[in-house]
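Chemist: Before I ask anything, let me first share the structure, which is written out below as structure tokens.
The values are calculated or read from the model by the stated rules, or taken from the named source; none is laboratory data. Nothing here was measured: the structure is a model prediction, and the numbers come from that model. Heads up, the Cβs are rebuilt from the backbone with ideal geometry, glycines too, and the neighbour counts pull from every protein chain shown. These area figures cover heavy atoms from the full protein model, side chains too; ligands, DNA and RNA do not enter into them. Shrake-Rupley method; radii C 1.70, N 1.55, O 1.52, S 1.80 Å.
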Amino acid sequence: MSVYVTVGSTGFDALVRAACTREFLQALAGQGFRRLVVQCGHSIGLFKPPTTRSETFGIAIESFDYTSRPQRLVEQADLVVCHAGTGSILEALHSGTPAIVVVNRALMDDHQSEIARELAKDGFVVVAEPATLASAVSECAYAALRPYPAADPRPIGEIIDEETF
């Protein structure tokens, strides 16, 4: 099983640091994960995972700054851990991959918390902070998330038809 961690189009130092801690790796291994892929963005220099098999709990770890095909990585993962940016959340939700959404409270008046809380309240995501990421994995609440409803493109088409004819 694999986990994909993404910080999106910028960086998220605290999430990148949390993704290479012993506690996080141990929590992943405890849930049966064997592969960790981390998209670090501008925070790439801060990703310093352990190097020995015993320190990584047998998890194969890959990291990079950016990718032109994030959706492919989301779809290949069994769990997505993403920052609480709308684009990253929607990629995970639309793929059907369970997601732990990590809020970056340092951004623009803590705007990520609102969408993360609403989606969590409806049972679509698990919300964590960098300091609670390992326990969010250990608690395994992501296994009971509801699937996000597929979009129905008909209403927008009907509106367009109504406005143009």
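Chemist: Can you tell me the Rg and the Dmax, both Å, for the Cα atoms in the chain?
Modeler: 16.9, 67
Chemist: What distance in nm separates the simple spin-label points at SER138 and ARG69, each placed 7 Å from Cα in the Cβ direction?
Modeler: About 3.7 nm, to one decimal.
Chemist: Taking all protein chains as present, what is the carbon and sulfur share of the accessible area of segment 1-141, in % to the nearest whole number, probe 1.4 Å?
Modeler: That share works out to 51 percent.
Chemist: In addition: Measuring with a 1.4 Å probe in the full set of protein chains, what accessible area per residue, in whole Å², belongs to the chain?
Modeler: In whole numbers, the chain has 54 Å² accessible per residue.
Chemist: Continuing with this model, one more query. What dipole magnitude, in Debye to the nearest 20, does segment 94-150 give about its Cα centre under +1 on Lys/Arg Cβ and -1 on Asp/Glu Cβ?
Modeler: With Lys and Arg at +1 and Asp and Glu at -1, about 160 debye.
Chemist: Working out 0.36 nm times the residue gap between ARG146 and THR10, then minus their Cα-Cα distance, what length gain in nm do you get to one decimal?
Modeler: Computed gain between ARG146 and THR10 is 46.1 nm.
Chemist: Related question: Under a Cβ-only charge scheme (Lys and Arg +1, Asp and Glu -1), can you give me the dipole magnitude of segment 53-130 about the Cα centre, in debye to the nearest 20?
Modeler: The dipole magnitude comes to about 140 debye.
Chemist: Can I ask one more? Considering only the other residues whose Cβ falls under 14 Å of the Cβ of THR67, what net charge follows from Lys and Arg at +1 and Asp and Glu at -1?
Modeler: So the surrounding residues net to -2.
Chemist: Let me ask you something else. Working out 0.36 nm times the residue gap between ALA131 and ARG117, then minus their Cα-Cα distance, what length gain in nm do you get to one decimal?
Modeler: 3.3 nm is the gain from fully extending ALA131 to ARG117.
Chemist: Rounding to the nearest 20 debye, state how big the charge dipole of the chain is about its Cα centre with +1 on each Lys and Arg Cβ and -1 on each Asp and Glu Cβ.
Modeler: Using Cβ point charges on Lys, Arg, Asp and Glu, the chain gives about 920 debye.
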